Each structure stands twice: as C-alpha cells, then as structure tokens.
Amino acid sequence: MSPATYQSLEWKELLLKTTDGARANRARKIKDEELIINKISVKEIKAEIRSYSIKIDLDRRILSHDCQDWLKGLGIKRICKHVGKLFLQLPTEKSTNILTDLIEQKDKWQFQASATSDDG
C-alpha cells in the first residue's frame with residue numbers, strides 16, 4: 001500500500017496493520033478503567049495497564065512496553081493487546097497519526113522492552 005492509501009484508512013483499520021485480529025479483539029475486551037494514561041504530549045505518551053507500563057517517544061520513534069507477548073513480537077514489531085488498548089483509548093486523531101507513522105515508517109521505529117524494577 002502506498003502512504004496515501006494508509007492516510008485514507010480509519011484508525012481501527014490501521015490498528016489491524018500493526019497486529020492480528022485476535023490481539024485487536026483482546027484489546028477491545030480490556031476494561032477502560034484498567035488503562036491509566038499518565039501523559040499525552042506532542043513528544044510522548046505514558047500509560048499503565050494492569051501491571052505493565054507503556055511509553056511512546058514520538059520524537060525518537062521508540063515504543064516500549066513490558067508484557068511477555070510484546071517481548072515475543074519485538075523482532076517483527078507487532079503490537080500486543082495492551083498497546084492496542086492504548087491506541088483504542090487515545091484521541092482518534094492522535095491514534096491515527098501515530099499508527100500511520102508506525103506503518104509508513106516502520107523501519108525508523110524501535111520497539112523495546114521496558115526496564116522493570118525486578119529484572120533491570
């Protein structure tokens with residue numbers, strides 16, 4: 001798909017370009033109150049979901065998280081249900097812009113494991 005084609009997609013369709021249908025469905029099933037968005041700015045987004053953290057550094061194009069499914073998908077840059085839930089809860093324009101950039105500039109994005117206090 002060309003970049004112009006991605007820009008015509010809705011954010012829900014964009015989400016499916018970054019994960020599979022099963023993970024997207026599990027993201028929808030996570031209760032809204034389980035996600036706490038601590039910060040939304042032009043430079044970064046920080047959130048907590050269940051016992052996990054999510055950070056998106058928009059300037060440096062780094063997405064970090066710490067669940068096991070995320071760790072398994074790092075090499076292929078696949079989004080897990082927790083990060084999917086964050087995109088479902090962000091303002092639509094913000095979510096659309098980030099997901100479009102994730103798809104169009106996939107090679108420039110870094111997916112990383114968050115450091116945790118238990119295992120460094």
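Is it the case, given these coordinates, that Asp107 is part of a helix (DSSP H, G or I), within 20 Å of Ala22 (Cα to Cα) and either modelled with pLDDT under 95 or more than 12 Å from the chain's Cα centre (by Cα) (or both)? When the stated conditions are applied, Asp107 does not pass them.
For segment 74-93, the tally of residues that are out of contact with any helix residue (DSSP H, G or I) (no Cβ under 9 Å at 6 or more places or on another chain) and outside any loop (DSSP other than H, G, I, E, B) stands at 3. Scanning segment 15-60 for residues that are small (Gly, Ala, Ser) and surrounded by fewer than 14 Cβ atoms within 10 Å (Cβ to Cβ) returns Gly21, Ala22, Ser41, Ser51.
Of the residues making up segment 65-96, those that are polar (S, T, N, Q) and either surrounded by 16 or more Cβ atoms within 10 Å (Cβ to Cβ) or in contact (Cβ under 8 Å) with a residue 24 or more places away in the chain (or both) are Gln89, Thr92, Ser95, Thr96.
Being small (Gly, Ala, Ser) and either assigned to a strand (DSSP E or B) or modelled with pLDDT of 95 or more (or both): is that true of Ala47 here? When the stated conditions are applied, Ala47 passes them. Is it fair to say Ala24 is of a type in the set (Gly, Ala, Ser), in contact with a helix residue (DSSP H, G or I) (Cβ under 6 Å, 6 or more places away or on another chain) and not in a helix (DSSP H, G or I)? The answer is no for Ala24. Just one of the listed residues (Thr100, Thr18, Thr96) is among the polar types (S, T, N, Q) and in a loop (DSSP other than H, G, I, E, B), and it is Thr18.
The values are calculated or read from the model by the stated rules, or taken from the named source; none is laboratory data. Keep in mind that what you see is a predicted model, and the values were worked out from it rather than measured. Because the Cβ atoms are built from the backbone with ideal geometry, glycine has one as well, and the counts that use them run over all protein chains shown.
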